[in-house]
Every structure is written in structure tokens, then in C-alpha cells.
Amino acid sequence: HCNAVDGHGALTLTQSLMRSCNDAMMNIASRLNVQTMLKWQRLFGLGSRTGIDLPGEATGLLFTESNMSQIDLATCSFGQGYSSTMIQMAAAYCSILNGGYYYTPHIVRRIQDENGSTVRTVEPELVRTTVSASTCEFLKQAAYETVNGGTAGAAILEGYTVGGKTGTAQKYPIEEHNYVISFMGFTPVASPELLVYVV
């Protein structure tokens, strides 16, 4: 069981995401391997700088093939055991909202002088593709279901279609029961324009 002490019973993948079922994620990871998990983490930009136009960007910290155990693989499947920055997570999430296209994140779209004339325009920079458009559509729909029937019901906003995912990370030392709670949501679901990440 996970936080549902009586267990969830059999779940579909969508229901597993809606209910944040760590057991389901570990089950999926057990069918993968360390190399595959690390490949996907890197593909989504974890463990490396995004290139955002801010100083001092961190890389986060991932396991390597030589030090990731089966237990680490299991905990990584539901987002624990490695560190990432909020920018990395937002950029990875946006690649799903963008149909599988990962772009370099930027702070501004354009810079203007005191007269309102554009000094510099920041054009989108495609870095790579992450997953297929059909996978992105599935994940967006699962995120919508997570808000409208799963763990993220507090994100329902009248007049908006919202999709999103909750997160809970346990901090060390584990005995102190300290947690970092997060939510990453987007709107509108059919054609996302805005992503909000709250920790």
C-alpha cells in the first residue's frame, strides 16, 4: 500500500497518476532498468543546466549507472532519490505541453528600451524532442483527470480547464517527517498557454 493504507486495488495508468500511486510507479520501473531510467531523466533535461538566461544555474544531482541500485530505481520512479531544479522540472513538463518538443527556457520574450522600441527579441530554441505527440496527449488528459477526480482537486478554477500533478518529497532525516509539497499545473488543457509551479 501507499498513502492509501488499504491499498488501491487494480489501477489503470491514468488512475495511478491521478492518485499518485507510488506502488504503480515502482511496478513500472521494475520492468525497466537503470540505463533506461537514466536515459529518460537526461532526455527531459534532469542533471544538466537548461541554459536559462539567469546566473548560477545548478545542475541537480542524478544517480549514475554505477551507483543506482534497484531500490534507487524504485524511488526515482516516483520522483525521490535525485535532485532537480524547478526550472528543470518546468522545462521538462513544458516539453509535454508542447507536444514533445523541449525548448530552452527564457525569462523574457523581448527587451525594450525606454521608448518602447524592441532592442532584442528572444526566439524559441528547440533543443530536442522528448516523447511522441500521442504520449503528450495521454499525459495532458491524465493531468486533467488528476485535477478533476484525483489528488489535485484544489486546483479546479471556475472558467478554466486545468491539468496538473501533485508532488510530495520526503526530506532527510526521514525520522523527522519533513516534506516538500508541490503542484505543477497548466491551462487551458486543450492548448496550454500557462504553466504554474508551486512548491
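The values are calculated or read from the model by the stated rules, or taken from the named source; none is laboratory data. Model, not experiment: these values are computed from the prediction. Please note: Cβ atoms are built from the backbone with ideal geometry, for glycine as well, and neighbour counts cover all protein chains shown. Quick note on the areas: whole protein, heavy atoms, side chains included, nothing else; ligands and nucleic acids left out. Shrake-Rupley method; radii C 1.70, N 1.55, O 1.52, S 1.80 Å.
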(Q) Are there any trypsin sites (Lys or Arg not before Pro) in segment 58-133 that are in a DSSP loop and have at most 12 other Cβ atoms within 10 Å? List them by number. (A) ARG109
Q.
Expected output is a single nm value to one decimal: the length gained when fully extending between LEU195 and ASN27, i.e. 0.36 nm times separation in residues minus the C-alpha distance. What is it?
A. 57.6 nm
Q: Over the chain, consider all pairs of different Cα atoms and compute the Kirkwood hydrodynamic radius from their mean reciprocal separation; express it in Å, one decimal.
A: 18.3 Å
Q: About the Cα centre of the chain, how large is the charge dipole given +1 on each Lys and Arg Cβ and -1 on each Asp and Glu Cβ? Please answer in debye to the nearest 20.
A: 360 debye
Q | Degrees, to the nearest 10: 86-97 long Cα axis against longest axis of the chain | A | 90 degrees
Q: May I ask for the angle, rounded to the nearest 10°, between helix 34-43 and the longest principal axis of the chain, with both axes built from Cα atoms and the value confined to 0 to 90°?
A: 20 degrees
(Q) Using a Förster radius of 41 Å, what is the FRET efficiency between THR129 and GLN170 based on their Cβ-Cβ separation? Nearest 0.05, please. (A) 0.80
(Q) Under a crude label model (7 Å from the Cα following the beta-carbon direction), how far is ARG49 from ASN67 in nanometres? (A) 2.1 nm
Q: Could you work out how far helix 133-147 tilts from the main Cα principal axis of the chain, as a 0 to 90 degree angle to the nearest 10?
A: 70 degrees
Q | Solvent-accessible area per residue, Å², over the chain with all protein chains present [probe radius 1.4 Å] | A | 61 Å²
Q) Can you give me the relative contact order of the chain as a percent, contacts being Cα pairs under 8 Å and 6 or more apart? A) 17 percent
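Roughly how large, in nm² to one decimal, is the mean projection of the convex hull of the alpha-carbon atoms in segment 13-99?
Hull-based average projected area comes out at 6.3 nm².
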Q.
At 1.4 Å probe size, with the rest of the protein present, what percent of the exposed accessible area of the chain is carbon and sulfur atoms?
A. 55 percent
Q. Given 10 °C and 1.306 mPa s, how large is the Stokes-Einstein diffusion coefficient of segment 74-184 in µm²/s, with Rh as the Kirkwood radius over Cα pairs?
A. 95 µm²/s
Q: Select from VAL119, VAL127, VAL108 the residue whose mean-square fluctuation is largest in a Gaussian network model of the chain (Cα-Cα springs shorter than 10 Å).
A: VAL119
Q. What residue among GLU114, GLU175, GLU123 has the largest mean-square fluctuation in a Gaussian network model of the chain, using Cα springs under 10 Å?
A. GLU114
Q.
Students often get this wrong: which residues of segment 29-44 have the backbone nitrogen under 19 Å from the point 7 angstrom along Cα-to-C-beta of ALA4?
A. 29
Q: Rank VAL162, VAL189, VAL122 by mean-square fluctuation in a GNM of the chain with C-alpha springs under 10 angstrom and give only the top-ranked residue.
A: VAL122
